[in-house]
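Structure first, commentary second.
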Amino acid sequence: MPEFLIDEAVEDYAYVSTQAEPALLQELIDATNENMGWPQKLSGRLVGRTLKMLASLVQPKHALEIGMFTGYSALSIAEGMPDDGKLICCETNPRAIDMAKHFFQRSEHGHKIEVVFGRATDTLDSLDIELDFTFIDADKRSYLHYYEEVKKRTRPGGLIILDNVLWSGKVLQPESELDDILVETNHRIATDPDVENVFLTIRDGMNVVRKRG
């Protein structure tokens, strides 16, 4: 996966021109790079600050994250949520969960986060709440399924955000079944009468979707 899909100097300028994340999140980045495989799965400043700002605008009481990894994006979302908000995070990697919980315990926003170990589809099936805000950043083969299931459970005006929707640029010339799934998901969202969306070229692509109502 290429590190930069756009000019590296432009990416760097966007990074330094975005206000820094809290010191605890910077420490989490370092710990993830030092101790976890595939540390590039971590969202990073541009995605994280976007999530925090969107959460601040929406003020979700009920939020969901599908694919937590070590908790950077979860803490970014929680930072923007009201104090009585609840963010349910789905994750299947025990080592990632252990690291995330360590940082959640140290954060003033950690009490808003509930970690659920297991398949996100099982967690979705068990939800009995209407969602205000969802961030999807997990198994790409299930993206379309996640989107459709989350949309059913999202209130009118709620947000659904999908990460990695550029898929390292492979959506431009798909060569595999996985590439095709991302292309199909993006097309489905762009033509879905139930929602409005904007496709952002932040990092590896973010699709920000608002349910109509």
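See the values below:
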quantity	calculated
Any hit, region 180-201, residues being charged (D, E, K, R), within 24 Å of GLN26 (Cα to Cα) and either over 17 Å from the mean Cα position of the chain (by Cα) or loosely packed, with under 13 Cβ neighbours inside 10 Å (or both)	no
Residue among ALA23, ALA55, ALA14 that alone is surrounded by 20 or more Cβ atoms within 10 Å (Cβ to Cβ) and among the aliphatic types (A, V, I, L, M)	ALA55
Residue in region 156-168 that is in a helix (DSSP H, G or I) and either touching a Lys or Arg at 6+ places or on another chain (Cβ under 9 Å) or modelled with pLDDT under 95 (or both) present	yes
Tally of residues being hydrophobic (A, V, I, L, M, F, W, C) and assigned to a helix (DSSP H, G or I) across region 107-137	2
GLY205, sole failed condition from (1) on the phi < 0 side of the Ramachandran plot; (2) crowded, with 18+ Cβ neighbours inside 10 Å; (3) modelled with pLDDT of 95 or more	(1)
Flag if ASP180 is assigned to a helix (DSSP H, G or I) and modelled with pLDDT of 95 or more	yes
Flag for ASP139 being of a type outside the set (Val, Ile, Thr) and surrounded by 23 or more Cβ atoms within 10 Å (Cβ to Cβ)	no
Leading residue by the ranking (nearest to ASP180 (Cα to Cα)) among those in region 131-169 that are of a type in the set (Phe, Trp, Tyr) and within 13 Å of the chain's Cα centre (by Cα)	TYR143
Verdict on VAL198 being in a helix (DSSP H, G or I) and farther than 18 Å from GLY67 by Cα	no
Condition check for PHE104: outside any helix (DSSP H, G or I) and aromatic (Phe, Trp, Tyr)	no
Unmet requirement for GLU65, which otherwise passes all of (1) in contact with a helix residue (DSSP H, G or I) (Cβ under 8 Å, 6 or more places away or on another chain); (2) touching a residue at least 40 places away in the same chain (Cβ under 8 Å); (3) more than 27 Å from SER126 (Cα to Cα)	(3)
Among residues of region 81-94, those that are more than 23 Å from ALA31 (Cα to Cα) and either crowded, with 24+ Cβ neighbours inside 10 Å or in contact with a helix residue (DSSP H, G or I) (Cβ under 7 Å, 6 or more places away or on another chain) (or both), counted	3
All positions within region 14-50 that are closer than 18 Å to ILE77 by Cα, hydrophobic (A, V, I, L, M, F, W, C) and touching a residue at least 24 places away in the same chain (Cβ under 8 Å)	ALA20, LEU24, LEU25, LEU28, ILE29, LEU42, LEU46, VAL47
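Yes/no per residue for (1) among the polar types (S, T, N, Q); (2) surrounded by fewer than 15 Cβ atoms within 10 Å (Cβ to Cβ); (3) in contact (Cβ under 8 Å) with a residue 40 or more places away in the chain:
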site	(1), (2), (3)
ASP98	no, yes, no
ALA120	no, no, yes
SER126	yes, yes, no
GLU130	no, yes, yes
PRO174	no, no, no
LYS211	no, no, yes
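The values are calculated or read from the model by the stated rules, or taken from the named source; none is laboratory data. Bear in mind that the values here come from a model prediction, so they are computed numbers and not experimental data. As a convention, Cβ positions derive from the backbone with ideal geometry for all residues, glycine included, and neighbour counts pool all protein chains shown.
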